[in-house]
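This report refers to the structure that appears directly beneath it.
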Amino acid sequence: MYCVKVEKVVRHNKDTATLIFDSILPSYPGQFVMLNLFGYEEIPLSLSSPRSITVKAVGETTKALVNVNPGAIVGIKGPSGNPFTPTDTKALLVAGGIGIAPLLYLHDYLIAEGANVHVLYGARTADELVCLERLKSYEVATDDGSKGFYGSVVELAELKPLRKYERIYACGPEPMLRAFHRLLKERRLLDKAEFSLERLMRCGMGVCGSCVLPEGFRVCVEGPVFNAAKLEW
Ligand SMILES: Cc1cc2nc3c(=O)[nH]c(=O)nc-3n(C[C@H](O)[C@H](O)[C@H](O)COP(=O)(O)OP(=O)(O)OC[C@H]3O[C@@H](n4cnc5c(N)ncnc54)[C@H](O)[C@@H]3O)c2cc1C
């Protein structure tokens, strides 16, 4: 474990913030860190850029992180895990809720590689859509119709010519990913897609077994990014 300082905190809404560190963490998009805020549990968080995390408050540790002030010191293990496979052609990124975090890093990385990137991003309400200013080309969906398409991001994806994309990347709550998996399967596009999974994770190094999938893969070591065709959903 090593320590980094939180240089800047960008609060997006009442329960989501981006913490920008004082140093770059050598990494690839899709990788995560085990982060330790003094006095709280160590938790896994995806990098939302080589020097930031974007956190949604859902419990004690994430609430404390969202309310942290610049100057705080946090312990880091990693970055680790399998990253997304990059492309320099046409890419579609599909995000649900805080699943946007690793896709923000991927978005910037693919654009730097010369890819043509489009993002479909869904949330419950408009207020929960964060970091839109970072996205070059995007469409949003909200469950309550407060912004963009009225419905889920998977329903929005159903209306799109998915076949024209060379690679498809997704991250979000498991029910959303399962619905998207069904859609990709129907269209015979699973091979083109990679999903980043967020399972309950304790040790983050392949020992404790808490993040094992029914297929036998450990999300922390064999994931968190998986080719969608490998997931038997
Ligand atoms: C590889 C990976 C990357 C992640 N990246 C991010 C990220 O970029 N930003 C972010 O905000 N969160 C991310 N998460 C989820 C984050 O780790 C959890 O929200 C966090 O551990 C919750 O800790 P807590 O103490 O605040 O809440 P807890 O009290 O531990 O949990 C609060 C609630 O959230 C649920 N929960 C906890 N962990 C998870 C999880 N991993 N997946 C789904 N539900 C969970 C619990 O079941 C409970 O209902 C990631 C998880 C993984 C495994």
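FYI, it's all coordinate maths here, none of it is from the lab. Quantities reported herein were computed from a predicted structural model and do not represent experimental measurements. Cβ sites come from the backbone with ideal geometry, for glycine too, and all protein chains shown count toward neighbours.
When each of the peptides 183-191, 54-62 is scored by how many other beta carbons lie within 10 Å of its residues on average, the order from highest to lowest is 54-62, 183-191. Legend: residue pairs 160/230; 77/164; 136/192; 90/185; 8/160; 136/164, Cα-Cα distance threshold 27 Å; pairs beyond threshold, 77/164; 8/160.
Each Lys and Arg contributes +1 and each Asp and Glu -1, all at the Cβ; summed about the Cα centre of the chain, the dipole is approximately 220 debye.
Taking the helices alone, the chain has a mean residue ellipticity at 222 nm of -5000 deg cm²/dmol, built from -39,500 (n - 2.57) per DSSP H run of at least 4 residues and averaged over all its residues.
Return the percentage of antiparallel bridges among DSSP beta bridges fully within the chain, rounded to the nearest 5 %. Once the DSSP bridges in the chain are tallied, antiparallel ones form about 55 percent. By other beta-carbon atoms within 10 Å, ranking 208, 131 with the fewest at the front produces 208, 131. Please grab the % of Cα pairs in the range 129-233 that end up more than 20 Å from each other. Tail of P(r) above 20 Å: 47 percent of Cα pairs.
Note that the range 1-64 shows a convex hull volume over its alpha carbon atoms of 86 Å³ per residue. Given axes a ≥ b ≥ c from the Cα gyration tensor, I'd like to know whether the range 32-75 is rounded (a/c under 1.5), prolate (a/b larger than b/c) or oblate. Rounded, because the longest to shortest axis ratio a/c is under 1.5.
Expressed as a whole number of Å, what is the distance separating the alpha-carbon centroids of the range 90-109 and the range 1-74? Answer, in whole Å: 17.
Close amide H pairs (under 5 Å, H built 1.01 Å from N) link residue 48 with 53, 54, residues at least 5 positions away or on another chain.
Taking 4.7 Å between C-beta atoms as the pairing limit, the chain has these partnerless cysteines: 3, 131, 171, 211, 220. Here the range 62-144 yields Rg over Rh of 1.02, to two decimals, using C-alpha coordinates and the Kirkwood radius. Altogether, the Stokes-Einstein calculation at 20 °C and 1.002 mPa s, with the Kirkwood radius of the range 114-165 over Cα pairs as Rh, returns a diffusion coefficient of 187 µm²/s. With each label modelled as a point 7 angstrom along the Cα→C-beta vector, the residue 113-residue 182 pair spans 3.1 nm. Kirkwood hydrodynamic radius of the chain, from the reciprocal of the average inverse Cα-Cα distance over all distinct pairs: 17.8 Å.
Rounded to the nearest 10 degrees, the angle from helix 100-112 to the longest Cα principal axis of the chain is 70 degrees.
Exactly which chymotrypsin sites (Phe, Trp or Tyr not before Pro) in the range 1-89 are in a DSSP loop and have at most 15 other Cβ atoms within 10 Å? Sparse-neighbourhood loop chymotrypsin sites (Phe, Trp or Tyr not before Pro): 38. Rounded to the nearest 10 degrees, the inclination of helix 174-186 to the longest alpha-carbon principal axis of the chain is 30 degrees.
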